[in-house]
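Below is one structure, written out as structure tokens, with a few remarks after it.
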């Protein structure tokens, strides 16, 4: 009952860097460097971080759209890393994905009704009539009219296209959806529509989400637990309230401090970080964050900190906490 | 204090095969020296075209500025010849864009690009200009400015490119800086640095800044006055505290209600399953605007008059104008 | 319970508005299209359009100057030049279309496989394409017809084969970028097989550049056919071919009966020109950045 739906343990993805005429491997980009988390049924884990932190890669590796270098991913208790494609295929019905860009996530040459119905066709579910009914049902569910099923993607607005993407993700009745920046490309007022939709669906269908985003306000709204990533590693992992009310990792502090709040009367102490977001190709030694950390000590430059539990359900990777 | 930038009745249209697109209609605002005016709106509201119109960077055809005036220090930019306008760009009014990679020339070093600007407007020697360029890079807090000035845009990170663009824009100390979504493409921590930088430079040089954005958080933290645009028109304008404290136009109210808040920082306990308030519907196409209020189809408070009669901007409270029959 | 429905009001211009708009924006393309349409119509309805039988000889009309009966003159065997040109259009069109379809089809299949699968297969195809492309089109076509012998079928093959590497490269580069698109990833996430994804999702999106490429190639295939026929290695008797009409008359009759050289030559130039104009305009019109 309380067994998590998704359990990710020490997941790693290293991309080889190839140079030369024959593509010799000269090094590796540690895009995901040992990530561990779990998601329960009906819950949302928000995965936040800036560019280069590896959050999008995590999403794809969990789904095995990209093969992990090492680590384990268990879906409903079942290990999916390393199993052959034929065994993986039926399991794919449990987990689906929604992407960021509403414009390129739908094939411009296929009618939206067929796009949403395709997963059903791939898995041989129902005949033509039944599929059409199911698609109509899905359209209604996401707030679109079934009469629009024969239109092409370019005839819809960005927000509507995201709804279509969500409908497609729901077609196979999954338990788990990875949402990779699903609202980042939408206008603010449309974001609200899609966020509400996703939360409604979660409540009605007991869906779990891995909600990947750089937008902290949205993550705070929709998540139950939050993990903060920096250069391939999780630096802080806690339930939403704890993380936002009392962040422990210096990076989390800086991140929260940097988010501009829509309230001009607030005078906050701004904890700014200096420097740029580093590239994952040459990460700093020791704690990846030490060059930008206002509290860095000698130890931080040499020894990478490990995620440790510092409170109930609250983990931080920092020597100083 | 006399306003440095006075925009009056600006209207810009586009002649397209789908008809006449009224991108900007009758927009007016003023900005004083050292102040920031934010123009807020979502895609399709006309804020970017407004910005481009200020610098006369709208492609003409298919665009056309049909009416209005844009006065910088008293000079109406719309009445100038092309060569006179080129003189103004960079020296009196400058612009920074959302995507620095496309705004910077990839084939010239960063230093050279700033240098060119300086030589063009200040008519000094290359050597003097080069020194000014390095100085400017230092001013925008790029570490090792001498070395960086000899690098190409692709060698710099996103944040640094944006700083370089700011350096280029402010090299000749223009009176007005138009910033079109300058931080939207940047990471949050870098965004904070850049906004701080723009604020500091503004205080130092006394530049008037027109900040175009869709992010209300950015507006709250940087602007003094706020202009809200919808479907090509200005629908509300007020000082920042006033507009956030008491938004009058239903669109602005809807926008504010649809943003999730980072609650804990405000000491609030945000209920986990609280629904965000939505604004139903979508922005109307700019070539097929309804006869009455453009927001009426999506407005929860609209009545019969809103459908047929377009409300004009009127003073609804001290220093607070809005175009709404219900406000 | 479900969130509100949005009204979508796509404002689509009417068909005539589109046509007039396109005509104003791409006048050269329209000119090209008119030329090509005339060409195609001549080819399709040659029997109805041509005033006389292109095959019947008439000794009395030998080398007749352009006149009322023979609008463009007659050749050394008294055959009407105009009718031969009109029927020649049929041959040129058949060869051009046949070769283009064959070459593009094969090229697209190779490009798709090469781009989508990558690895060794891609490497090999790439290198072979490069070698093929280093040879001039005409030389390759010559070699093929010389070894296969001149016939209509062999001409089509000879012209199709050099097209393959060019098309394969264009399609491959398209496929490389399409492969990374989110909608392809989404298809993978549903468990779709790679083959299905390549055919259902990737291939249709390469059609637009393929069409542009094919149209642009049309002109050069016609020219190649004319060249081959001129050299005697293309379409043989009795098919009337513009290229052969030139070779038959160029050396001997250019001064005594210039119309035998001018008109076929003009026909070739005009069609190649028209296809280039149309191809250019199509490419510009389909370029998403040119859109409003």
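The values are calculated or read from the model by the stated rules, or taken from the named source; none is laboratory data. The model shown is predicted, which means the values in this text are computed figures rather than measured ones. All Cβ positions, even for glycine, are placed from backbone atoms using ideal geometry, and neighbour counts span all protein chains on display.
Within the range C:141-161, which residues are without any contact (Cβ under 8 Å) to a residue 40 or more places away in the chain and buried (at least 18 other Cβ atoms within 10 Å of the Cβ)?
Within the range C:141-161, C:144, C:154 qualify.
If a residue has to be surrounded by 22 or more Cβ atoms within 10 Å (Cβ to Cβ), farther than 12 Å from residue A:205 by Cβ and away from chain B (no Cβ under 14 Å) to count, how many in the range A:151-171 make the cut?
Total satisfying the criteria: 6.
With the condition kept exactly as written, say whether any residue in the range A:51-67 is under 28 Å from residue A:215 (Cα atoms) and in a strand (DSSP E or B).
no
Taking the condition of being under 23 Å from residue C:175 (Cβ atoms), part of a helix (DSSP H, G or I) and free of Cβ contacts under 8 Å to residues at least 40 places away in the same chain, how many residues in the range A:103-120 meet it?
The qualifying residues number 1.
Just checking, how many residues over the range B:295-327 are touching a residue at least 24 places away in the same chain (Cβ under 8 Å) and more than 14 Å from chain A (Cβ to nearest Cβ)?
Qualifying residue count, the range B:295-327: 14.
Residue by residue through the range B:118-174, note down the ones that are free of Cβ contacts under 8 Å to residues at least 40 places away in the same chain, under 18 Å from residue A:278 (Cα atoms) and buried (at least 17 other Cβ atoms within 10 Å of the Cβ).
B:142, B:148, B:157, B:159, B:160, B:163
When the range B:2-19 is examined, which residues are found to be part of a loop (DSSP other than H, G, I, E, B) and surrounded by 22 or more Cβ atoms within 10 Å (Cβ to Cβ)?
Passing the criteria: only B:4.
Filter the range A:74-93 for residues that are surrounded by 17 or more Cβ atoms within 10 Å (Cβ to Cβ) and within 14 Å of chain C (Cβ to nearest Cβ) and give the result.
Those that are surrounded by 17 or more Cβ atoms within 10 Å (Cβ to Cβ) and within 14 Å of chain C (Cβ to nearest Cβ): A:75, A:80, A:92, A:93.
Where in the range B:163-247 are the helices (runs of 4 or more DSSP H), entirely inside, with at least 1 residues that are closer than 27 Å to residue A:55 by Cα, out of contact with any strand residue (DSSP E or B) (no Cβ under 6 Å at 6 or more places or on another chain) and modelled with pLDDT under 95?
Hits in the range B:163-247: B:188-205, B:216-222.
Look through the range A:248-272, keep the residues that are surrounded by 22 or more Cβ atoms within 10 Å (Cβ to Cβ) and more than 20 Å from residue B:215 (Cβ to Cβ), and return whichever of them is farthest from the other protein chains (Cβ to nearest Cβ).
A:249
Within the range C:109-154, which residues are outside any helix (DSSP H, G or I) and either over 22 Å from the mean Cα position of the chain (by Cα) or under 14 Å from residue C:234 (Cβ atoms) (or both)?
C:118, C:149, C:150, C:151
Hand me the list of helices (runs of 4 or more DSSP H) wholly inside the range A:209-280 holding 3 or more residues that are farther than 19 Å from residue A:44 by Cα and at pLDDT 90 or above.
A:250-258
Residue C:192: part of a loop (DSSP other than H, G, I, E, B), surrounded by 15 or more Cβ atoms within 10 Å (Cβ to Cβ) and free of Cβ contacts under 8 Å to residues at least 24 places away in the same chain, yes or no?
yes
Only one of (1) farther than 26 Å from residue C:103 by Cβ; (2) surrounded by fewer than 22 Cβ atoms within 10 Å (Cβ to Cβ) fails for residue C:237. Which number is that?
Only one criterion in (1) farther than 26 Å from residue C:103 by Cβ; (2) surrounded by fewer than 22 Cβ atoms within 10 Å (Cβ to Cβ) is unmet by residue C:237, namely (1).
In the range A:116-137, which residue that is within 12 Å of another protein chain (Cβ to nearest Cβ) and more than 20 Å from residue A:60 (Cβ to Cβ) is surrounded by the most Cβ atoms within 10 Å (Cβ to Cβ)?
A:116
Count, please, the residues in the range B:230-242 that happen to be out of contact with any helix residue (DSSP H, G or I) (no Cβ under 7 Å at 6 or more places or on another chain) and surrounded by 22 or more Cβ atoms within 10 Å (Cβ to Cβ).
6
Which numbered condition trips up residue B:27, out of (1) in contact with a helix residue (DSSP H, G or I) (Cβ under 7 Å, 6 or more places away or on another chain); (2) modelled with pLDDT of 90 or more; (3) farther than 25 Å from residue B:203 by Cβ; (4) within 14 Å of another protein chain (Cβ to nearest Cβ)?
Only one criterion in (1) in contact with a helix residue (DSSP H, G or I) (Cβ under 7 Å, 6 or more places away or on another chain); (2) modelled with pLDDT of 90 or more; (3) farther than 25 Å from residue B:203 by Cβ; (4) within 14 Å of another protein chain (Cβ to nearest Cβ) is unmet by residue B:27, namely (4).
Could you identify the single residue in A:148, A:100, A:96 that is at the interface with another protein chain (Cβ under 8 Å from one of its Cβ atoms), modelled with pLDDT of 90 or more, within 25 Å of residue A:187 (Cβ to Cβ) and part of a helix (DSSP H, G or I)?
A:148
Only residues in the range A:193-207 that are at the interface with chain C (Cβ under 7 Å from one of its Cβ atoms) and modelled with pLDDT of 95 or more count as the first member; pair them with residues that are assigned to a helix (DSSP H, G or I) and surrounded by fewer than 21 Cβ atoms within 10 Å (Cβ to Cβ), Cβ under 7 angstrom, at least 6 apart or cross-chain, and list the lot.
Partner pairs satisfying both residue conditions: none exist.
What number goes with the only condition from (1) within 13 Å of chain C (Cβ to nearest Cβ); (2) in contact with a strand residue (DSSP E or B) (Cβ under 8 Å, 6 or more places away or on another chain); (3) surrounded by fewer than 20 Cβ atoms within 10 Å (Cβ to Cβ) that residue A:63 does not pass?
All conditions are met except number (3).
Pull up the range A:273-297, narrow it to residues that are within 9 Å of chain B (Cβ to nearest Cβ) and free of Cβ contacts under 8 Å to residues at least 60 places away in the same chain, then point me to the one that is surrounded by the most Cβ atoms within 10 Å (Cβ to Cβ).
A:273
State whether one or more residues within the range A:161-181 are without any contact (Cβ under 8 Å) to a residue 40 or more places away in the chain, assigned to a helix (DSSP H, G or I) and closer than 16 Å to residue A:106 by Cβ.
yes
Quick one: what pairs do we get from the range C:168-179, first residue over 13 Å from residue C:210 (Cβ atoms), second assigned to a helix (DSSP H, G or I), C-beta under 6 Å, 6+ apart or different chains?
Matching pairs, first to second residue: C:176/C:115.
Being part of a helix (DSSP H, G or I), free of Cβ contacts under 8 Å to residues at least 24 places away in the same chain and surrounded by fewer than 16 Cβ atoms within 10 Å (Cβ to Cβ) is the filter here, so list the residues in the range B:79-115 that pass it.
The answer is B:79, B:82, B:83, B:84, B:86, B:102.
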